[in-house]
Amino acid sequence: MTTPSPIIYSDTRENLTAVKLAIEAARHACVDPAPQTCLVAVSKGQTRERVLPALAAGHRLFGENRVQEARAKWPDLLAEYPETELHLIGPLQTNKAREAVEFFDCIQSLDRPRLAKVLKEALEKRQRSKPVSFFIQVNTGEEPQKAGVVPKDAEHFVRLCRVQMGLPVIGLMCIPPEGEDPAPHFALLRKLGRATGLSCLSMGMSADFATAIRFGATHVRVGTAIFGPRTP
Ligand SMILES: *Cc1c(COP(=O)(O)O)cnc(C)c1O
């Protein structure tokens, strides 16, 4: 006889509590944590049914990686929980920039001059009064297939976005290469944050958010550990 395998991720609410406790524990365990660490609950690839318990539990900060998916999933949820903040954490095509600034409160994937220019134009025409902010994504592992400005160009790109274009850039974001120790990548992002005077650092996911907190993460982006495996 076979026993059914336990459904490990059945309870979003419990997982959310556990992740929040783990964040607090990681902050207490390190000498120099950021003044605060926000939890971006990554709801990409999750159904509304999986997301609802997190909203019902009072969580109000979520991340999605696709404009289309977010626009299909969130309007009803936002109507019910209007104080919710939505971050775009996936690559943004220039032809979706207008839509993205209307829909998201923060875009964490600003990574190239052309996109900066299009976002600036989109902001000038923006209808929404709620403020929007940006993170610049840094490709710390210099992976050819990955989005993000390479580290040596980061300072120049930050200056272009903030000083020349006047974009509301508040921080840096990175996704370390899979299968590598993430610590050097988090250290590099912190160093670039100090060099550019940007105080927000978005780094750390389900597997490594405690490490990211050690390196000063102000935003961790956690999906699977809260909502369970994603449906493709
Ligand atoms: C999917 C995703 C996450 C969340 O990953 P988990 O391992 O499920 O926590 C975080 N950041 C980005 C940019 C992602 O695309």
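The numbers here are math on the coordinates, done by the rules we state, and not lab data. As the structure is a prediction and not an experimental result, all values here were calculated from the model. Ideal geometry is used to build each Cβ from the backbone, glycine not excepted, and the neighbour counts take in all protein chains shown.
Odds and ends about this structure:
- Tally, over the stretch 27-47, of residues that are outside any loop (DSSP other than H, G, I, E, B) and either of a type in the set (S, T, Y) or within 13 Å of the ligand (Cβ to nearest atom) (or both): 4
- Every pair of residues 6+ apart whose Cβ atoms lie under 9 Å, when the first sits in the stretch 186-204 and is more than 19 Å from C106 (Cα to Cα) and touching a residue at least 12 places away in the same chain (Cβ under 8 Å) while the second is assigned to a helix (DSSP H, G or I) and among the polar types (S, T, N, Q): F186/T211
- Of the residues making up the stretch 84-96, just one is away from the ligand (no atom under 16 Å from the Cβ) and part of a loop (DSSP other than H, G, I, E, B), namely T84.
- Count of the stretch 158-208 residues, restricted to those that are more than 19 Å from the chain's Cα centre (by Cα) and part of a loop (DSSP other than H, G, I, E, B), is 6.
- Taking the stretch 31-48 as the range and being surrounded by fewer than 17 Cβ atoms within 10 Å (Cβ to Cβ) and closer than 16 Å to P75 by Cβ as the test, the residues that pass are T47, R48.
- Residue within the stretch 188-195 that is aliphatic (A, V, I, L, M), surrounded by 24 or more Cβ atoms within 10 Å (Cβ to Cβ) and over 21 Å from P144 (Cα atoms) present: no
- Residue satisfying condition, being away from the ligand (no atom under 16 Å from the Cβ) and over 26 Å from L189 (Cα atoms), within set E24, E69, E99: E99
- Selection count where residues are assigned to a helix (DSSP H, G or I) and either within 12 Å of the ligand (Cβ to nearest atom) or buried (at least 22 other Cβ atoms within 10 Å of the Cβ) (or both), scope the stretch 209-226: 6
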